[in-house]
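Right, one structure below, let's go through it.
The values are calculated or read from the model by the stated rules, or taken from the named source; none is laboratory data. Quantities reported herein were computed from a predicted structural model and do not represent experimental measurements. Because the Cβ atoms are built from the backbone with ideal geometry, glycine has one as well, and the counts that use them run over all protein chains shown. Surface areas here come from the heavy atoms of the whole protein model, side chains and all, with no ligands, DNA or RNA. Shrake-Rupley method; radii C 1.70, N 1.55, O 1.52, S 1.80 Å.
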Amino acid sequence: MAQESKLQKKVKNSLKRKGWLVVKIILCSQNGWPDLMALSPEGKWVLLEMKATRERLKPLQEYVHSLIRDNRGVVYMIDSWEDYLALNLK
């Protein structure tokens, strides 16, 4: 879990430096909801699920992510700094 929280903090700080509004979702009435919600300066919303290296989504998380995508939402799972950089969020 420590690895996941360190990655989350690093990603959150990086996005904030780029001007994104980033919210950590702590409690939500929808179980399986992603960890971070981020809004770019241009108005692009993304949801980010943070995982430790090689950790997989739980079935409920997979289901919730599919619901988000079915409703035209954007959700990514990140388990490394390289995954985050590959998203090229500006």
### Query
Can you give the extra length, in nm with one decimal, that the chain gains between Glu62 and Ser80 once fully stretched, where that is 0.36 nm per residue apart less the Cα-Cα distance?
4.6 nm
### Query
Of all accessible surface on the chain at a 1.4 Å probe, what whole percent is carbon and sulfur?
54 percent
### Task
List the residues whose amide H sits under 5 Å from the amide H of Met77, counting only those 5 or more places along or on another chain, with H placed 1.01 Å from N in the peptide plane.
Glu49
### Task
Pop out the ³J(HN,Hα) list for the stretch 25-33 in order, Karplus 6.51 cos²θ - 1.76 cosθ + 1.60 with θ = phi - 60°, rounded to Hz; leave Gly and Pro as x.
7, 9, 10, 9, 6, 10, 4, x, 5
### Query
What percent does the relative contact order of the chain come to when contacts are Cα pairs within less than 8 Å and at least six residues apart?
28 percent
### Task
Would you please name the GluC sites (Glu not before Pro) within the stretch 1-82 that are DSSP coil residues with at most 15 other C-beta atoms within 10 Å of their C-beta?
Glu42, Glu55
### Query
Sequence-distant or interchain residues sharing an amide H contact under 5 Å with Ile25, placed H: which?
Leu36, Met37
### Task
Please calculate how many Å² of accessible area the chain carries per residue, with a 1.4 Å probe and no DNA, RNA or ligand atoms counted.
66 Å²
